[in-house]
Amino acid sequence: MQGDENEKAVTRRLLLAKGLLARGSRSVAAGDPLGRVVALVELAAAIETTVRAIATKFELDVDAERDPGLVAWLKLIQKSEEIKKQGLKIPQEEGIRRINSRRNATLHHAETLDQETLDEYVRITRSFIEEAFLRFFGVKVDELTELEHIADPQLKELISIARAMCAAGGGTSVQVSLSLLRLAVDLAAKSCLPDADSTTLVAAGVNPLDYSRFCSLAQVPMVSGNGRLQIYIKRLLASPDEYTWAEAFVLELLLEWQARGYQPILGSGDVLPFAKDLLDKHLASKAPP
């Protein structure tokens with residue numbers, strides 16, 4: 001594996017690790033025994049996926065006849081002369097080994113897991129991923145985004161406008177950004193699903209609880225025949241953190257649809273000029289006189 005192909009494979013693994021960390025953190029919030037087990041599995045998978053990304057970057061491999069676990073990959077990385085030459089070491093190694101062992105014991109021996117221990121595992125996993133991303137790949141976790149992997153350029157542009165609106169801050173920018181995300185999802189669903197009702201959406205991989213939360217945050221914008229947008233703010237001010245969660249949900253959903261071969265598209269280029277106009281006017285309102 002060389003060049004661009006190697007880089008793409010590394011990026012896919014890093015995006016997957018980031019997504020698993022996010023899912024694991026959300027599963028912790030469930031607070032029930034099953035939710036804790038699910039969270040532990042997702043956190044351990046995030047760790048192993050990151051370690052495998054390191055191995056992929058340095059073109060390390062083990063016997064293809066077997067499926068090595070985390071310990072085997074760590075040993076392989078530790079033996080790498082190139083990694084030694086660069087003075088790179090795996091962060092939080094003791095902690096991630098402990099999480100891996102606990103995952104195995106929980107799955108194979110039905111060991112119980114208390115909330116306090118799981119909270120500690122979340123902290124260890126997040127610290128490991130943040131340090132490993134920066135140390136081995138020179139990228140911050142928050143800077144790595146799934147947006148570049150959205151196939152339809154118009155969907156990508158609309159989400160970029162929403163992100164820029166939220167980043168600008170002030171007034172109702174977050175609510176407007178959320179409505180633009182809702183527009184992206186609604187038009188994408190209309191373009192690739194025969195009947196975008198709740199049953200169809202669930203069958204298409206939509207988590208109903210996450211979708212319900214997303215719809216409660218993101219109001220449906222009114223779109224006229226010529227694509228003009230009208231957004232009416234009917235709820236209390238949303239936070240940037242809520243936007244961050246909503247964007248991650250939308251990107252994950254669109255990538256899932258792409259993976260299933262649905263080919264979601266915006267399908268209505270008319271809305272983009274009005275979305276850009278909303279952003280331009282907002283930025284102008286914040287500019288110093």
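The values are calculated or read from the model by the stated rules, or taken from the named source; none is laboratory data. Keep in mind that what you see is a predicted model, and the values were worked out from it rather than measured. Don't worry about glycine lacking a Cβ; one is built from the backbone with ideal geometry, like all the others, and counts go over all protein chains shown.
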Review point. For the subset of region 93-107 comprising residues that are of a type outside the set (Ser, Thr, Tyr) and surrounded by 15 or more Cβ atoms within 10 Å (Cβ to Cβ), which member is nearest to Val41 (Cα to Cα)?
Key: Arg103
**Study point:** Matching residues, region 256-280, being in a helix (DSSP H, G or I) and buried (at least 19 other Cβ atoms within 10 Å of the Cβ)
**Key:** Trp257, Val271, Ala275, Leu278, Leu279
Check your understanding: Which one is surrounded by the fewest Cβ atoms within 10 Å (Cβ to Cβ) among residues in region 67-91 that are in a loop (DSSP other than H, G, I, E, B) and in contact with a Lys or Arg (Cβ under 7 Å, 6 or more places away or on another chain)?
Key -> Leu88
Check your understanding: In the list Thr49, Thr112, which residue meets the criterion of being of a type in the set (Ser, Thr, Tyr), in contact with a Leu (Cβ under 7 Å, 6 or more places away or on another chain) and within 28 Å of Asp210 (Cβ to Cβ)?
Key -> Thr49
Exercise for review: Scan region 119-141 and give yes if some residue there is assigned to a helix (DSSP H, G or I), exposed (fewer than 15 other Cβ atoms within 10 Å of the Cβ) and of a type in the set (Val, Ile, Thr), otherwise no.
Suggested key: no
Practice item. Give the residues of region 96-139 that are polar (S, T, N, Q), within 22 Å of Asp32 (Cβ to Cβ) and without any contact (Cβ under 8 Å) to a residue 60 or more places away in the chain, sorted by residue number. Key: Asn104, Thr117
Check your understanding: Hey, any hits in region 40-49 for a residue that's of a type in the set (S, T, N, Q) and modelled with pLDDT under 85?
Key -> no
Review point. Can Glu5 be described as crowded, with 20+ Cβ neighbours inside 10 Å and within 25 Å of the chain's Cα centre (by Cα)?
Key: no
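Residue by residue, here is whether (1) under 19 Å from Val41 (Cα atoms); (2) at pLDDT 95 or above holds:
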{"site": "Asp114", "(1), (2)": "yes, no"}
{"site": "Asp119", "(1), (2)": "yes, no"}
{"site": "Thr125", "(1), (2)": "yes, yes"}
{"site": "Phe128", "(1), (2)": "yes, yes"}
{"site": "Val139", "(1), (2)": "no, no"}
{"site": "His149", "(1), (2)": "no, no"}
Check your understanding: Condition test on Ser212, is it part of a helix (DSSP H, G or I) and without any contact (Cβ under 8 Å) to a residue 60 or more places away in the chain?
Key -> yes
Point to revise | Leading residue by the ranking (nearest to the chain's Cα centre (by Cα)) among those in region 108-118 that are surrounded by 13 or more Cβ atoms within 10 Å (Cβ to Cβ) and of a type in the set (A, V, I, L, M, F, W, C) | key: Leu118
